[in-house]
Amino acid sequence: MTTTIAITSGKGGVGKTTIAVNLALSFALQNKETLLLDADLGMANAHILLGINPNYSLEDFVNGNLSLDKVITTTKSNLKFVSGGNAINNLLNLSDLERHKIIKSFNDLNKKPQFMLIDVGAGAEASSMTFMASANKVIVVITGEPTSFIDAYTLIKTSFLDYKMNNFGIIVNMSSSPMQAKLNFDKFQSITQKFLDVNLKYVGHIPNSQKVKNSIITRTAVVSSNNNLETKAFKEISSKLSLVETNNTGTIKFFDN
Ligand SMILES: Nc1ncnc2c1ncn2[C@@H]1O[C@H](COP(=O)(O)OP(=O)(O)O)[C@@H](O)[C@H]1O
Ligand SMILES: [Mg+2]
């Protein structure tokens with residue numbers, strides 16, 4: 001059975017891609033079969049953090065040129081990766097039907113992974129919502145900034161009212177200390193639960209780190225076999241993801257037979 005985990009946020013630039021890539025690597029380093037899907041379609045950039053230049057992307061699958069198995073790239077860390085293509089392709093304007101075709105096609109993979117991380121585009125647009133609703137677990141990334149709180153609240157509200165999602169894991173990124181991160185979570189939870197009947201689980205924090213910042217420039221993810229502070233933070237989050245419950249959206253799910 002595959003556990004699918006969507007990494008989302010209300011606003012862009014809060015660290016979704018950084019977290020999706022490093023969490024996926026963390027699972028792979030723990031010898032779990034892991035697939036990372038870059039579903040920030042048309043704006044895909046996870047391959048940059050992975051330091052790879054995939055020959056194919058989901059576009060080749062959507063155009064009918066290749067099977068899904070053929071667009072998978074395997075990285076040095078034994079992480080499997082599906083690229084979402086770049087800004088000049090036509091994945092920005094997929095229809096619901098095409099998105100459902102993509103989601104269903106994962107059933108046909110030769111080898112199903114244990115974990116699939118999905119880097120989802122920011123905000124409550126149809127494309128992002130479809131991928132969120134199709135995952136077993138939904139993680140919302142926030143930072144301590146008020147704009148991140150407001151946009152994450154709006155995303156959760158739309159997910160709850162329009163898609164019946166009520167379980168969310170929260171990661172606080174770019175925090176100055178573990179205590180500050182937990183305080184930010186508590187504040188966000190109390191605001192959200194005042195108005196919405198949703199269940200938020202705190203799955204951890206990533207420190208504001210120069211190493212993480214530099215990783216995009218050097219095109220190497222920060223999670224590695226070295227047990228640095230950042231690697232530990234991602235490993236801890238990977239162990240807490242099981243706390244997040246699955247949403248019963250009644251809609252199509254990945255790896256749903
Ligand atoms: N924990 C962190 N510490 C320092 N910089 C970070 C951290 N997480 C992300 N960043 C930086 O923030 C920027 C946005 O991150 P990114 O993962 O691309 O966000 P998103 O996918 O949400 O748009 C990048 O330059 C990234 O290096
Ligand atoms: Mg991103």
Any chance residue 120 is closer than 17 Å to residue 19 by Cβ and within 16 Å of ligand 2 (Cβ to nearest atom): yes
Starting from the range 200-213, keep only residues that are touching a residue at least 60 places away in the same chain (Cβ under 8 Å), then list their pairs with residues that are small (Gly, Ala, Ser) and more than 6 Å from ligand 1 (Cβ to nearest atom) whose Cβ atoms are within a distance under 7 Å, requiring at least 6 positions of separation or different chains. 203/169; 206/233
Would you please list the contacts, defined by Cβ atoms under 6 Å and residues six or more apart or on different chains, that run from a residue in the range 95-120 that is of a type in the set (S, T, N, Q) to a residue that is in a loop (DSSP other than H, G, I, E, B)? 114/32; 114/33
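Rundown of residues vs (1) open to solvent by 20 Å² or more (accessible area, probe 1.4 Å); (2) out of contact with any helix residue (DSSP H, G or I) (no Cβ under 7 Å at 6 or more places or on another chain); (3) more than 30 Å from residue 101 (Cα to Cα), yes/no style:
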position: 157; (1), (2), (3): yes, yes, no
position: 167; (1), (2), (3): no, yes, no
position: 176; (1), (2), (3): yes, yes, yes
position: 180; (1), (2), (3): yes, yes, yes
position: 203; (1), (2), (3): no, no, yes
position: 226; (1), (2), (3): yes, yes, yes
position: 248; (1), (2), (3): yes, yes, no
position: 253; (1), (2), (3): yes, yes, no
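Residue-wise test of (1) closer than 21 Å to residue 212 by Cα; (2) modelled with pLDDT under 95; (3) within 16 Å of ligand 1 (Cβ to nearest atom).
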position: 37; (1), (2), (3): yes, no, yes
position: 48; (1), (2), (3): yes, yes, yes
position: 51; (1), (2), (3): yes, yes, yes
position: 62; (1), (2), (3): no, yes, no
position: 68; (1), (2), (3): no, no, no
position: 87; (1), (2), (3): no, yes, yes
Condition check for residue 108: over 29 Å from residue 143 (Cβ atoms) and of a type in the set (Asp, Glu): yes
Can you tell me which residue among 186, 151 is open to solvent by 10 Å² or more (accessible area, probe 1.4 Å), of a type outside the set (Phe, Trp, Tyr) and within 16 Å of ligand 2 (Cβ to nearest atom)? 151
Of the residues in the range 14-45, how many are touching a residue at least 40 places away in the same chain (Cβ under 8 Å) and outside any helix (DSSP H, G or I)? 16
Among residues of the range 68-86 being within 24 Å of residue 32 (Cα to Cα) and of a type in the set (Gly, Ala, Ser), the residue most open to solvent (accessible area, probe 1.4 Å) is 77
I'd like to verify a number: residues in the range 1-41 that are among the charged types (D, E, K, R), in contact with a strand residue (DSSP E or B) (Cβ under 8 Å, 6 or more places away or on another chain) and under 23 Å from residue 147 (Cβ atoms), how many? 2
Could you check, for the range 46-54, whether at least one of its residues is open to solvent by 10 Å² or more (accessible area, probe 1.4 Å), on the phi > 0 side of the Ramachandran plot and in contact (Cβ under 8 Å) with a residue 40 or more places away in the chain? yes
For the range 210-224, what are the residues that are among the small types (Gly, Ala, Ser) and surrounded by fewer than 18 Cβ atoms within 10 Å (Cβ to Cβ)? 224
Among what's in the range 199-257 and is of a type in the set (Asp, Glu) and at pLDDT 95 or above, pick the residue that is farthest from residue 156 (Cα to Cα). 236
So residue 12 passes all but one of these: (1) surrounded by fewer than 24 Cβ atoms within 10 Å (Cβ to Cβ); (2) within 12 Å of ligand 2 (Cβ to nearest atom); (3) more than 18 Å from residue 129 (Cα to Cα). Which condition number does it fail? (3)
Number of the exception - residue 108 against (1) surrounded by fewer than 15 Cβ atoms within 10 Å (Cβ to Cβ); (2) under 25 Å from residue 154 (Cβ atoms); (3) not aromatic (Phe, Trp, Tyr): (2)
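The values are calculated or read from the model by the stated rules, or taken from the named source; none is laboratory data. All values reported here derive from a predicted model rather than from experimental measurement. No Cβ is skipped: glycine too gets one built from the backbone with ideal geometry, and neighbour counts run over all protein chains shown. SASA here: full protein model, heavy atoms, side chains in, ligands and nucleic acids out. Shrake-Rupley method; radii C 1.70, N 1.55, O 1.52, S 1.80 Å.
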